[in-house]
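K.L.:
Please read through the structure below; I'll follow up with questions.
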Amino acid sequence: MMNPRNIKILLFLIIGIVCALAFLDRCTTVNITTSDLFRPKSYQYFKELTQSPESQNYEIVKAQGSFPILYDSIKNEFYLKNFKGLTKYDSSGNIIISNDLRNEKFTSAFDFANFIPYVFTDKGVYDFSGKKLIYIAFSKILNAQDEMTEENFVSEFRKQYHGAELVFYDRERNGDDDQRGFPIYFRIKDQWILLFSKKEDFTLKSLSGGEMESDTIGQIDFKNNPAKLSDKRLTLLKDYKNGFYSSQTNGERIDDRYLDRYYTLILKERKLDYQTDTEVEMLSRKKEDYFFTGSILDLPDWVAPSFINTGYFKLSYRQENIYFKAKAVKYFDDMKCENNLFLYELPKKFKKNSDIGFLDYGLNLGGYRNNETGEVDPLIKNTGLYVIRKKRVK
C-alpha cells in the first residue's frame with residue numbers, strides 16, 4: 001500500500017495536471033476538448049462556403065448581390081440589391097439579369113425605400129421586371145427647381161396621379177441641388193414622369209390635408225393619395241429561427257424585436273407564416289488563433305481570451321444535409337460560438353414554388369488597413385450572401 005505522503009503527492013500531481021490541461025484548453029490556442037481526435041475523420045473533408053459545399057441534390061453557391069432579398073410571387077423570381085442596381089434570379093437559382101449600374105451617379109437602390117423591381121436615377125428608370133433589362137428615360141421632369149406654385153403643383157399631381165397605373169413616392173435626394181423636394185414617379189402608358197414635390201412639403205399637406213399613411217417598410221404611402229404598386233410590390237424572406245427579415249434599416253437587421261421596439265413601423269410580412277424545420281447547426285469547432293477584443297490594459301492574450309475558430313456546420317435543408325466549415329468566434333464570457341449564419345426562406349404558402357433559399361454569412365471581425373491604399377483586408381474573407389439551390393445537371 002502507498003503511504004499517506006505518497007497519496008498526497010499523487011493527488012496533488014493529478015490536480016496539477018487537470019488544472020494545467022484546463023488552463024491550456026480554456027486560455028491558450030492548444031486544442032484539447034476541441035482536438036481533431038474527438039471529431040469524425042469525415043470533418044476534414046468539409047468544404048468552405050466559397051468551395052460550393054453540396055448534398056446529394058443541393059449546393060451552396062455565392063450570390064451576386066446583398067440585402068434586401070425580395071421575392072416576386074407572381075413571376076416566381078428573386079431580387080437582390082447589386083451595388084446601385086439589382087440581380088434577378090429565377091426560381092431555380094439561375095441569374096436572369098444582373099447589373100450593378102456602377103456608372104450611375106446615384107440610384108434609388110441606395111436605401112430601397114420601395115420593394116419594387118425598378119431602379120430610378122435622376123434621368124430615367126431601369127426596369128428589371130422582364131426577361132431583359134430595359135432603360136426608359138423620363139418623358140417629363142417637373143418642378144425640378146421648385147418653380148411651380150403650390151396651386152400648379154397640386155393640379156399637376158392630381159392630373160398625373162389620376163392617369164397613372166403605377167405611382168411610387170421616394171425619399172428626398174437633394175445631392176448637389178437643394179431646390180428639389182422628394183421624387184414622385186408616375187407610369188402612364190409605358191411612359192415615366194418624374195414630379196418633384198414642393199420643397200419642405202414632406203407630407204404633401206397641400207393635397208387634401210394629406211399626411212403619411214404609416215411608416216411602412218418597403219412602401220411609402222400618403223393618406224388620401226396612396227402609392228399605386230399594382231402587383232409590383234415584392235415580398236421579404238425570413239430567417240424563422242432568429243426572427244430576421246431579409247432587409248436592413250440603416251445597417252441594422254430587421255426582426256420582430258426591432259419592430260416591437262419601433263412600434264410605429266409597419267411590415268406587412270409580419271402577418272405571413274414562415275415556419276420551417278430548416279436550420280444551421282454547429283457540430284464542432286477548433287481553435288485557430290486569439291481574437292483581440294480590445295482592452296484598456298495591455299494584458300497577455302491568455303488572460304480572458306477570445307478565439308477565432310473553425311466551425312463545422314450542418315445545414316438541414318429539404319430533407320438533406322449539407323456540411324461545410326466557416327470561421328466562428330468564441331468570446332471568453334460567452335458559452336456559445338458566434339457565427340452570424342442566417343438562413344432566409346420564403347413564407348410557407350410560396351415554398352412549393354421554388355427550391356431555393358439564401359444563406360447569409362455575416363461574421364465581421366474587422367481587418368487590417370493598408371496604409372498605402374487605404375483598403376481594409378478583412379480577417380474573414382468569405383462573408384456575404386449565398387444561394388442554396390438544386391445542383392446543376394452536368
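The values are calculated or read from the model by the stated rules, or taken from the named source; none is laboratory data. Just so we're clear, the structure is a prediction, and the values are computed from it rather than from any experiment. For neighbour counting, all protein chains shown are included, and Cβ atoms are generated from backbone atoms with ideal geometry for every residue, glycine included. What goes into the accessible areas is simple: the full protein's heavy atoms, side chains included, and nothing from ligands, DNA or RNA. Shrake-Rupley method; radii C 1.70, N 1.55, O 1.52, S 1.80 Å.
K.L.:
What do you reckon, how do ASP215, ASP360 stack up by accessible area (1.4 Å probe), largest on top?
P.N.:
Listed by decreasing accessible area, they come as ASP215, ASP360.
K.L.:
Can you tell me the orientation of helix 150-163 relative to the chain, as the angle in degrees between its alpha-carbon axis and the longest Cα principal axis, to the nearest 10?
P.N.:
It works out to around 80 degrees.
K.L.:
Is the shape of the range 89-197 best called rounded, prolate or oblate, per the rule: a/c under 1.5 gives rounded, else a/b larger than b/c gives prolate, else oblate, with a ≥ b ≥ c the square roots of the Cα gyration tensor eigenvalues?
P.N.:
prolate
K.L.:
With every protein chain kept in place and ligands, DNA and RNA left out, what is the accessible area per residue of the chain? Probe 1.4 Å, answer in Å².
P.N.:
55
K.L.:
Go through GLN191, SER155, ASN339 and say which Cα lies farthest out towards the positive end of the charge dipole of the chain; charges sit on Cβ, +1 for Lys and Arg, -1 for Asp and Glu.
P.N.:
ASN339
K.L.:
Another question about this same structure. What FRET efficiency comes out for ALA137 versus LEU166 if R0 is 22 angstrom and r is the Cβ-Cβ distance? Round to the nearest 0.05.
P.N.:
0.85
K.L.:
May I ask you to give the percent of accessible area on the chain that is carbon plus sulfur, with a probe radius of 1.4 Å?
P.N.:
Working: 11120 of 21850 Å².
For the chain, the apolar C and S fraction of the accessible surface comes to 51 percent.
K.L.:
Sorted by average packing, counted as other Cβ atoms within 10 angstrom per residue and highest first, what order do 367-378, 105-116, 125-136 take?
P.N.:
So the order, starting with the most tightly packed, is 105-116, 125-136, 367-378.
K.L.:
Further question: Here are some pairs, LYS62/LYS232; LYS81/LYS348; LYS88/LYS228; LYS348/LYS381; LYS228/LYS381; LYS241/LYS325; which of them have Cα atoms lying more than 31 Å apart in this structure?
P.N.:
LYS348/LYS381; LYS228/LYS381
K.L.:
Can you tell me the dipole magnitude for the range 70-173 around its Cα centre, using point charges on the Cβ only (Lys, Arg +1; Asp, Glu -1), in Debye to the nearest 20?
P.N.:
Dipole magnitude for the range 70-173 comes out near 460 debye.
K.L.:
Starting from the Cα of LYS348, step 7 Å along the direction of its Cβ; do the same at PHE292; then give the gap between the two resulting points in nm.
P.N.:
Here the modelled spin labels are 5.0 nm apart.
K.L.:
Which angle from 0 to 90°, rounded to the nearest 10, does the C-alpha axis of helix 4-27 make with the longest principal axis of the chain?
P.N.:
20
K.L.:
I would also like to ask the following. Just one of [x] 55, 44, 38; [y] 107, 54, 44; [z] 62, 50, 41 is Cα extents along the principal axes in Å calculated from these coordinates, so which is it?
P.N.:
Label of the calculated value: [y].
K.L.:
Something else now. At 0.36 nm per residue, and after removing the present C-alpha to C-alpha distance, how many nm does the segment from ILE74 to GLU150 gain when stretched out fully?
P.N.:
23.4 nm
K.L.:
Just want to confirm a number: the relative contact order over the chain, from Cα pairs under 8 angstrom separated by 6+ residues, in percent.
P.N.:
Relative contact order here is 17 percent.
K.L.:
For the range 132-169, which GluC sites (Glu not before Pro) pass both filters: DSSP loop (anything but H, G, I, E, B) and at most 14 other C-beta atoms within 10 Å?
P.N.:
GLU147, GLU165
K.L.:
Still on this structure, I have one more. Amide H of SER55: which non-local residues (sequence gap of 5 or more, or other chain) have their own amide H closer than 5 Å, using H built in the peptide plane?
P.N.:
Those qualifying (amide H under 5 Å, at least 5 residues apart or on another chain) number zero.
K.L.:
A follow-up question, please. Given the rule -39500 (n - 2.57) for each run of at least 4 DSSP H residues, summed and divided by the residues of the chain, what is its mean residue ellipticity at 222 nm, to the nearest 500 deg cm²/dmol? List each step's numbers first, then the result.
P.N.:
On the way: 3 runs with 44 residues, N = 394.
For the chain, the value works out to -3500 deg cm²/dmol.
K.L.:
Follow-up question, since we're still on this one. If you add up the charges near LYS88, with Lys and Arg at +1 and Asp and Glu at -1, over every other residue whose beta carbon is less than 12 angstrom from its beta carbon, what do you get?
P.N.:
Computed value for this residue: 0.
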